[in-house]
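Undergrad: Mind looking over this structure? Questions follow.
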Amino acid sequence: MPPRPDGPAAPAPAGPRVPRFTPTEHRVHRATATLMAVCVLTAGCLYLPFLAELVGRRALLVTVHEWSGILLPVPLLLGLGSRALRADLTRLNRYGPHDRQWLRAALRRRGGRPAGKFNAGQKLYAAWIAGAVLVMLGTGLLMWFTDLAPLVWRTGATFVHDWLALAVVLVIAGHFWKAFGDPESRRGLRTGSVDAQWARREHPLWEHENNTP
């Protein structure tokens, strides 16, 4: 009869890991996510009556909402001094045939989704959220500084700002849902590295990108 172990079995050794994000990229993402969360939460308190009654202090909420929106692009602008961040922005802005293949496979819920460091879904999300932030910033400024434009412009800006804010909340909710379904991706953002097997499975073209001049 084999001897009984004295304690719990030792955990299996972790596999090799590959670097994915630098500390600067992690800080830029966290700061941007924090500012976006403040924008969304304060907007909810301003537009939903039950939250407005619960929180109160509307003037303070308006001020916090305005300044968190103004500061939203700042982390990215400060992070542009990082070569790694600039390289990743280039990757996010570069599309190829494999991205179309990834989208077709994702829409049909099939495997075989080729991707570099970022897949087509991540690229589309990044492009959409960047455009939405710029539009929200522009319309918010028209609403904040009432002397910048005539009343009809400000009315249109309010309409666009409110409905785009709802779309942003829905898209961010989808982003969270996808992130919670992929713990290794979240671990890579938190620690800066990912499991090598996960990288080869989910981003098989990533190594080719690194070797491309």
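The values are calculated or read from the model by the stated rules, or taken from the named source; none is laboratory data. The shown structure was predicted, so the numbers you read here are calculated from the model rather than taken from an experiment. Here the Cβ positions follow ideal geometry from the backbone for every residue, glycine too, while neighbour counts run over all protein chains shown. Areas reflect the complete protein model, heavy atoms only, side chains present, ligands, DNA and RNA absent. Shrake-Rupley method; radii C 1.70, N 1.55, O 1.52, S 1.80 Å.
Undergrad: So how long is each side of segment 89-206 along the principal axes, counting just the alpha-carbon atoms, biggest first, in Å?
TA: The Cα atoms of segment 89-206 stretch 56, 31, 25 Å along their principal axes.
Undergrad: Which angle between 0 and 90 degrees, to the nearest 10, do you get for helix 83-92 versus the longest principal axis of the chain when only C-alpha atoms count?
TA: Helix 83-92 sits at roughly 80 degrees to that axis.
Undergrad: Between the alpha-carbon centers of segment 135-213 and segment 33-83, tell me the distance in whole angstrom.
TA: After rounding, the separation between the Cα centres reads 15 Å.
Undergrad: Quick one: among 124, 137, 107, which has the greatest mean-square fluctuation in a GNM of the chain with alpha-carbon springs under 10 angstrom?
TA: Top of the fluctuation ranking is 107.
Undergrad: Using Cα-Cα distances under 8 Å and only pairs 6 or more residues apart, what relative contact order does the chain have, in percent?
TA: 27 percent
Undergrad: Which one of 105, 129, 38 is farthest out on the positive end of the charge dipole of the chain, using unit charges on Cβ (Lys, Arg +1; Asp, Glu -1) and the Cα centre as origin?
TA: The Cα lying farthest towards the positive end belongs to 105.
Undergrad: Right, another one. With every protein chain left in place, what is the accessible area of residue 90 in Å² (1.4 Å probe, nearest 10)?
TA: Approximately 70 Å² of residue 90 is accessible to the 1.4 Å probe.
Undergrad: Sticking with this one: Which residue, 29, 77, 177, has the largest displacement toward the positive end of the dipole of the chain when charges sit on each Cβ (Lys, Arg +1; Asp, Glu -1)?
TA: 177
Undergrad: Quick check: the angle from helix 120-144's long axis to the longest principal axis of the chain, C-alpha only, nearest 10 degrees?
TA: Tilt relative to the chain: about 20 degrees.
Undergrad: If you average over every viewing direction, what projected area does the convex hull of the Cα atoms of segment 55-120 give, in nm²?
TA: Convex hull of Cα atoms, orientation-averaged projection: 7.6 nm².
Undergrad: How large is the helix-only mean residue ellipticity at 222 nm for the chain, computed as the sum of -39500 (n - 2.57) over DSSP H runs with n ≥ 4, divided by its residue count, in deg cm²/dmol to the nearest 500?
TA: -22500 deg cm²/dmol
Undergrad: Report the gain in length on full extension from residue 160 to residue 90: 0.36 nm times residue separation, minus Cα-Cα distance, nm rounded to one decimal.
TA: So the chain would gain 22.3 nm between residue 160 and residue 90.
Undergrad: Of the accessible area of segment 129-181, with the probe set at 1.4 angstrom, what percent is carbon plus sulfur?
TA: 80 percent
Undergrad: Which one, 53, 184, 202, has the greatest fluctuation when you compute a Gaussian network model over the chain with C-alpha springs under 10 angstrom?
TA: Answer for the Gaussian network model of the chain: 53.
Undergrad: Assign unit charges at the C-beta atoms only (+1 for Lys and Arg, -1 for Asp and Glu), then state the dipole size of segment 75-213 relative to its Cα centre in Debye, rounded to the nearest 20.
TA: For segment 75-213, the charge dipole is close to 560 debye.
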